[in-house]
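Okay, so here's the structure we're looking at.
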Amino acid sequence: MNDLKPPIPNYTAKVQNGMQKTFYSFLCSVFLTITMKVLFVCLGNICRSPAAEGIFTHLIEKYSLENVVSCDSAGTIGNHAGEGAFPKMKRVAAKRGYNLTSVSRPVRPERDFDTFDLIIGMDDHNIADLKKMVSGRLVKAKICKMTDYCTHYKNTYVPDPYYGDTKDYELVIDLLEDACEGLIESLVKGGIC
Ligand code: 4NP
């Protein structure tokens, strides 16, 4: 992501342009916090999506995007609700410098599809399950797949590592690092932040 311009100056410039354009956008830029909200979703919300949340949070801090982007994670099943990330996932993530602090929760369709601007599943099962939760093309358009943001890896999904060994967890981190960088880049390039 060498060509990534510092996001805050870009964002500030956008806000300043807006202030010149209309009094309304001036009021918005002063009184509203404009935030892009991203929800990462996997099956259990103890391995892949907590790791995505941890890595993306790390990048938000790295690029000083705290005021314009935020994220959370959830699972399509609630079997692990209330649990922290799976210890093996936490260990492998910690080795790469990521502290996974999220607590598992199920997707709450009635709230999450309103609250979040982007809902990102890890594999095609997650995507299918998410699409079953809502009706309406506009809401479904918020759903996309994590690997769509990869710029180096050609994988078409982030594989479930739950019953796997350390290598499987390391692949999850590799894919998520690539996808999270790509996601930030696409938000910045799209003028979202
Ligand atoms: P995750 O992994 O979807 O990446 O959190 C899994 C965690 C738990 C289960 C399956 C996948 N499970 O069957 O309990």
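If you go through the range 99-109 and keep only what is touching a Leu at 6+ places or on another chain (Cβ under 9 Å) and buried (at least 20 other Cβ atoms within 10 Å of the Cβ), you end up with just VAL107.
Rundown of residues vs (1) at pLDDT 95 or above; (2) closer than 19 Å to ASN45 by Cα; (3) open to solvent by 50 Å² or more (accessible area, probe 1.4 Å); (4) in contact with a Cys (Cβ under 6 Å, 6 or more places away or on another chain), yes/no style:
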position: ARG111; (1), (2), (3), (4): yes, yes, yes, no
position: THR115; (1), (2), (3), (4): yes, yes, yes, no
position: LYS132; (1), (2), (3), (4): yes, yes, yes, no
position: LYS140; (1), (2), (3), (4): yes, no, yes, no
position: THR156; (1), (2), (3), (4): yes, no, yes, no
position: PRO159; (1), (2), (3), (4): yes, yes, no, no
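Based on this model, can you work out whether ASP168 counts as crowded, with 16+ Cβ neighbours inside 10 Å, out of contact with any Asp or Glu (no Cβ under 7 Å at 6 or more places or on another chain) and charged (D, E, K, R)? It is true that ASP168 is crowded, with 16+ Cβ neighbours inside 10 Å, out of contact with any Asp or Glu (no Cβ under 7 Å at 6 or more places or on another chain) and charged (D, E, K, R).
Total residues in the range 54-99 satisfying the condition of being touching a Lys or Arg at 6+ places or on another chain (Cβ under 7 Å) and over 20 Å from ALA179 (Cβ atoms): the figure is 1.
The values are calculated or read from the model by the stated rules, or taken from the named source; none is laboratory data. The structure presented is a predicted model; accordingly, all values stated were derived computationally and were not measured. All Cβ positions, even for glycine, are placed from backbone atoms using ideal geometry, and neighbour counts span all protein chains on display. Accessible surface is based on the protein model in full, side chains and every heavy atom, while ligands, DNA and RNA are left aside. Shrake-Rupley method; radii C 1.70, N 1.55, O 1.52, S 1.80 Å.
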